[in-house]
Every structure is written in structure tokens, then in C-alpha cells.
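Values quoted throughout were computed directly from the atomic coordinates according to the rules given, and no laboratory measurement underlies them. Note that the coordinates shown come from a computational prediction; the quantities given were computed from them, not determined experimentally. Please note: Cβ atoms are built from the backbone with ideal geometry, for glycine as well, and neighbour counts cover all protein chains shown.
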Amino acid sequence: MPIASESVRVTVNGTMYERNVEPRLLLSDFLRHELGLTGTHVGCEHGVCGMCTILLDGRTARSCLAFAVQADGCQIRTVEGLGTADALHAIQEAFWEMHGLQCGYCTPAMLMAAVELIEANPNPSREEILETVGGILCRCTGYQTIVEAVELAARRTRERAQ
Amino acid sequence: MKPPPFEYVRPVDLDGVLGALAQNSGETKILAGGQSLVPMMNLRLVAPKRLVDINRVPGLDRIARDGDRLLIGALARHTDVLTSPVVREYAPLVVAAYRHVAHRPIRNRGTIGGNLAHADPASELPAVMLALDAEFVLRSLAGERQVAAERFFLGTFETAARAAEVLTAIHIPLAAGSRRWGFEETSQRQGDFALVAVAVTFAVDGGRCANPRLAYAGAADRAVRIAAAEAALEGQSPDQTLFEQVAAKAAEAADPPEDLHADAAYRRDLVRALTRRALSAAARG
């Protein structure tokens, strides 16, 4: 029996998109293949590695563990919505300065997780930072430089707010 | 790593959900937070023909004091349960256990009802619900019934909920809040499922333990209370010697699974060590 496709309207980084999708299409694949937003990376596709972390209605979510059709009417933020190469977001700038990345594969997820943390509380404890980055696998850095990058980003965010 | 095709329905109210489940003989699954179901579908461990997405049903995520009980709607996200002031006040054991549950993005989407209905034997929350004497509210077109946590978890991924039923709420008696409690867990990494976790509660009446609950994840094919250990605690004065004895009873009575993460002997040893620690923490208050 053929499965009916479903209409989905989402706002990603401020832009409205409308597509017809198969219900089984994962949100991660929707972002990458339907919308061409390949900044969101895909790793394990069963919710363990955290590569596909995005903000769904303001909260981090594994986009491999949601169906695109479920995002109908939702607001999504991905790494493409942060900064540009010429005008980095404060968190991206901090990752660059503190060498918070090597191969870069986990970086979009790390950035989006840091966005959720810092926007909710620009003065996170070290424990909160560890909990945040601990949900995303990084096999290059050993995490220390990522933690330092998030600390610097939080400090800059506080300073700019004053 | 892509899920097999399925038909998708998204009712806008509970009646719609019950109607969609009415003829269910197992081919339809309820989609709540999806944090267990979707990985299983991606891994093709399950292939439901139809998903009933309950995420747009209003009111199912309510968290409130309701008379002499705490009511947690089945669709409440872990993050919202964890940060709820009434949960903190009336069921601090739930908050303590949540420190061990997954990572933020999973907790943001995963629901307490989905977790309990999934009934993973290594998950913390079923054991917590056993320790708190929680009741689960199940609805179908035939009506509503309540099932005690004690009679809900039947086996690995197996519960007393029928195919036409949806779990709508969890009730936790408020009396639970005045009881002593402790929670201990060992996992491979922060946020992983428990190798073993223990949730204990007891009242202290005239200097003696009363009505104790010792509930475990990772100690059997499902979340279980260990009656022999509870009996050893009942009516006794809480001290370290007693706690050692109770822990030994629990370890003896446990029937832990073996897998590539831990053998049964190690899990049994964890049952002993964690029981002692959780009882000590509970006694300290």
C-alpha cells in the first residue's frame, strides 16, 4: 500500500519552507537533502553520537530522532543560522580562538548545544558545560578546548550584555 | 539506518488517539517523544505499520498537585519534569534520578510516559515509580483504569498496557514526599542506561523503618522490587549493620541479566554496593 506523503511547513533560521515528505523521512535528512542545509551533520542515526543536534522550538533535539512531518509548524535553528565566515557568532569565534575543534565534524552540534546553554544562562557552571558537551561525541579534542571555548563564549556574552 | 515506511496519523485530541488505537492488534505504535521508538525503527528492530503521534494532544503534559497526589501527564518532557517545582517539592527522588537520565537533547524531547510505557529494564524511571508506589492511568475507548507500578512492568519492553490503551498520566502519592529516599546508579558513562540503579524509600516510625521500598533497574528482566530485602528492613532500626544485611539479601535475591557491558556477578555486586549507599543516603535524609 503506498504511503501518502504529508505536507510540512517549517521555519528554519527565519526562512519558511514547505515540502511534501514521506512520513518516515528523518528531520536530519529533511534539513540536509530537502533543504540543502548540510551544516547539520549525521553520525549514528540512533541518538547516541549527537552530531545532528539542532534547536527545535528553542530546545536542543537530535534531528535523527524526529520525523520531518513532526516539525510541521515549528521553528528550527541550525548552525547556518549562527554566523558567517566573515561575521562569526560569538560562540563560533570562541571555538575558533580556543581551538575548540579539529576535524569539525561535531562542531555544528557543539555550537547548537552551547547556544541553548548560554542563551538560557550566560553564566553556566563548569559542571553544566561538561554535561552539555558530554552529550555529543568528539573524537579529536579530548573536550578540554571545547569546554574552554564555551567558557569564553559565555564570558563574552555576559560582557556584551553589560 | 532509515526507518521502514509507515502510515502517520496525528490526532488533535485524546478521542482521536483512542479512536486510532481502537482496532489496534499490535501493528500501531504510539509516538510520543520518540527517543526510544525512533532509534529502534532506525535500527529496524521494530517496523510498526502505523504511528499515532500524540504530541499535539493538549493537556497531556500537565504537571500539578492534584489533591493528595502529584499528577504528571504522560506527555510531560523529561526536562519539564526535572525542572518542575512541584516535582522537586513532592517527589525529590524523581529529580535525583533524572541526574542520571540521558542528555539534555534527549530529555528535551523524551516523555516520562513514553519512558515508562517502553519499560526498558535498564531505565531509571520504572524503578523510581516502583519505589514511590506510583499509579499509571490507562485510557481506551472502553474507559479508564489505573494500574499500580507494581503490576505494570511485566518484562523487557512489556507492560500491562493493552494495545488499544494509551498511558495518560502518572499519579504519585503525596505521602511519598515525607518518606526518606535514596538513589544510586552505576553506568558506563554519565547519561548512559544504568548497569544497575536502586531507588529506596522508607518511613521512619518510632526510630524504625516502616513500609520500605527497594526498587531496581538492571537487576532483572524488568524494573523490580526485591521483597526479601524489604522484609529485612521492615521494623528494624536503621543503621549501617542493618544496611549491610539488607544489601546482602538484595544481592542474593537479584536475578541480573548479562550482556557485553557487565556480567551477572558484577551486577549482583553493584546491587549490594548501591543498596548500602542508597540506604545510607536515605537515613541521612
**Message:** Given an 8 Å cut-off on Cα distances and at least 6 residues of separation, report the relative contact order of the range B:63-173 as a percent.
**Reply:** 30
**Request:** Starting from the Cα gyration tensor of the range A:17-80, take the square roots of the eigenvalues, sort them a ≥ b ≥ c, and report rounded, prolate or oblate (rounded when a/c is under 1.5, otherwise prolate if a/b is larger than b/c, else oblate).
**Result:** rounded
**Prompt:** Separation between the B:Gln190 and A:Glu151 pseudo-spin-labels, each 7 Å from Cα along Cα→Cβ, expressed in nm?
**Reply:** 1.4
**Fill in**
One finds, for B:Ala273 and A:Glu159 with R0 = 35 angstrom and r their Cβ-Cβ distance, a FRET efficiency to the nearest 0.05 of 0.15
**Request:** Could you tell me which helices of chain B pass both thresholds, a Cα extent of 27 Å or more along their own axis and a mean Kyte-Doolittle hydropathy of at least -1.0, with helices taken as whole DSSP H runs?
**Result:** B:264-284
**Fill in**
Residue-ordered couplings for the range B:179-184, obtained by feeding phi - 60° into the Karplus form 6.51 cos²θ - 1.76 cosθ + 1.60 and rounding to whole Hz (Gly and Pro as x), are 8, 6, 8, x, 9, 9
**Fill in**
Sorted by chain and number, the residues with a modelled amide H under 5 Å from that of B:Val46, at a separation of 5 or more or across chains, are B:Met41
**Complete:** With R₀ set to 35 angstrom, the calculated FRET efficiency between the beta-carbons of B:Asn55 and A:Arg139, to the nearest 0.05, is 0.55
**Item:** Ranking of B:Tyr8, B:Tyr266 by count of other Cβ atoms within 10 Å, fewest first
**Value:** B:Tyr266, B:Tyr8
**Asked** So what is the relative contact order for chain B, in percent, with contacts set as C-alpha pairs under 8 Å and at least six apart?
**Response** 16
**Fill in**
The computed P(r) of the range A:90-161 puts the percent of Cα pairs beyond 18 Å at 24
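Please give the calculated 222 nm ellipticity per residue for chain B, where each DSSP H segment of at least 4 residues contributes -39500 (n - 2.57) and the sum is spread over every residue; nearest 500 deg cm²/dmol?
Taking each H run of at least 4 residues, the total per residue is -9000 deg cm²/dmol.
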**Asked** For labels at A:Arg126 and B:Arg151 in the simple 7 Å Cα→Cβ model, what's the distance in nm?
**Response** 5.2
**Request:** Please work out whether the protein assembly as shown counts as rounded, prolate or oblate from its C-alpha gyration tensor, where a ≥ b ≥ c are the square roots of the eigenvalues and a/c under 1.5 means rounded, while otherwise a/b larger than b/c means prolate and anything else oblate?
**Result:** oblate
**Message:** Just want the ordering: A:Cys64, A:Cys74, from fewest to most Cβ atoms lying within 10 Å of their own Cβ.
**Reply:** A:Cys74, A:Cys64
**Request:** Using Cα pairs closer than 8 Å and at least 6 residues apart in sequence, work out the relative contact order for the range A:35-135, in percent.
**Result:** 29
**Fewest-first sequence of A:Met112, B:Met1 by Cβ atoms within 10 Å of each Cβ** = B:Met1, A:Met112
**Item:** Within straight-line cross-link reach of B:Lys49, lysines at Cα separation under 16 Å, skipping those fewer than 8 residues along the same chain
**Value:** B:Lys2, B:Lys29
**Asked** Long-range amide H contacts for A:Cys49: which residues qualify at under 5 Å (H placed 1.01 Å from N, peptide plane, sequence gap of 5 or more or a different chain)?
**Response** A:Cys44
**Fill in**
In chain A, helical segments from DSSP H whose Cα atoms cover 15 Å or more along their own axis and that average at least 1.0 on the Kyte-Doolittle scale are A:107-120
**Complete:** Rounded to 0.05, the calculated FRET efficiency for the beta carbons of A:Ser5 and B:Ala265 at R₀ = 51 Å is 0.45
